[in-house]
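Chemist: Take this structure, written in structure tokens, and hold onto it; I'll ask about it next.
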Amino acid sequence: MNKLRFLLKYLRYQLAAGNKHDVHSPFVFDLLTNVIEVNTPYYVYDKIEFLRTQLLASSKMIEVTDLGAGVSGKRKISDIAQRSAKPAKYGQLLFRMVNHFQPKNILELGTSLGISSLYLAGPSSEAKLVTVEGCPQIARAAGEHFKKFGATNIEVINGNFDEVLPGLNDKKFDFIFFDGNHRKEPTIKYFEMCLAMAGDNAVFVFDDIHWSAEMEQAWEYIKAHKGVSVTIDLFFLGFVFFRKEQVREHFVLKF
């Protein structure tokens, strides 16, 4: 990633993004005013952020395997937490989205150390989260964090997405968070694979939709898909809805 180019893209987003006065869809206006822009502190936030603080201070080393690149090496837990965990602002938005839509079954592609997983699973102990992580050592560490946290509604699956997803075909997920691969072709591939597992009112969330030209191309492909009715671009996250009763619209909103 070219950092200067990325910064310029973010500045353009800030200048072009709309607010609630630019939204004429009742569904999106309600979502923006009652979920996205809300700053209500939920009790679980402090617990999750305390775990983040511990991870950022950890000097523990683990062997990390990158399935995509086929390489491995030792890395500090603190470095992984710094680079991979979603910032609190976005993790807490995921929490509010799940709290709002009340999905029964949630799928996360890309567990990392489990910070976003805890935000996704936090609103309801009745909701089941399946989270998939390619690196066995990171998956094991995340599992330990969930156990320590008492998050019994999270199931960690260690494996390659290409091999794991077909095994989930018999399940229906109401909320899917894509955070495991930041390249065009895999993103589109996993999007299409997950369409078969999507419930009637499923919400898809894509991480880092402007991370690279490839991710922006993938995002444009997803927006143009015939089954997609509404998308919301918050720069670092993209939300996708399949509401059949909804007029087809795409929004770029400040967050």
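Chemist: If Rh is defined by the Kirkwood formula over all Cα pairs and Rg also comes from Cα, what ratio Rg/Rh do you get for region 2-143?
Modeler: 1.02
Chemist: Over region 174-255, how many percent of alpha carbon pairs lie in each 5 Å bin up to the one with the longest distance?
Modeler: Bin by bin from 0 Å, the calculated values are 3, 16, 30, 28, 17, 6, 0.
Chemist: Also, I was wondering about something else. Taking θ = phi - 60°, what integer Hz values does the Karplus form 6.51 cos²θ - 1.76 cosθ + 1.60 yield along region 127-135, in sequence order, with x for Gly and Pro?
Modeler: 7, 9, 10, 9, 10, 10, 10, x, 7
Chemist: Tell me, in nm to one decimal, what length is gained between Asp66 and Lys223 on full extension, where the rule is 0.36 nm per residue of separation less the Cα-Cα distance?
Modeler: Taking Asp66 through Lys223 to full extension adds about 53.6 nm, to one decimal.
Chemist: Sticking with the crude label model, points 7 Å out along Cα→Cβ, report the distance from Asp79 to Asp200 in nm, one decimal please.
Modeler: Here the answer is 4.9 nm between the modelled labels.
Chemist: Next up: For Lys223, give me every one of the aspartates and glutamates with a C-alpha distance below 12 angstrom, ignoring sequence neighbours fewer than eight places off in its own chain.
Modeler: Partners within reach: Asp233, Glu249.
Chemist: In debye, nearest 20, what is the charge dipole magnitude of the chain about its Cα centre with +1 on Lys and Arg Cβ and -1 on Asp and Glu Cβ, if you could check?
Modeler: About 540 debye.
Chemist: Please give the length that would be gained between Lys254 and Asn19 if that part of the chain were fully extended, namely 0.36 nm times their separation in residues minus their C-alpha to C-alpha distance (nm, one decimal).
Modeler: Result for the pair: 84.0 nm of gain on full extension.
Chemist: Counting other C-beta atoms within 10 Å, which of Met97, Met61 has the fewest, and how do the rest follow?
Modeler: Met61, Met97
Chemist: Rounded to the nearest 0.05, what FRET efficiency is calculated for Leu8 and Asp30 with R0 set to 45 Å and r the Cβ-Cβ distance? Present the calculation step by step, with values, prior to reporting the outcome.
Modeler: Details: r = 33 Å, r/R0 = 0.73.
Computed FRET efficiency for Leu8 and Asp30: 0.85.
We did not get these values from a lab; they are worked out from the coordinates using the rules stated. All values derive from a computational prediction rather than experimental measurement. Because the Cβ atoms are built from the backbone with ideal geometry, glycine has one as well, and the counts that use them run over all protein chains shown.
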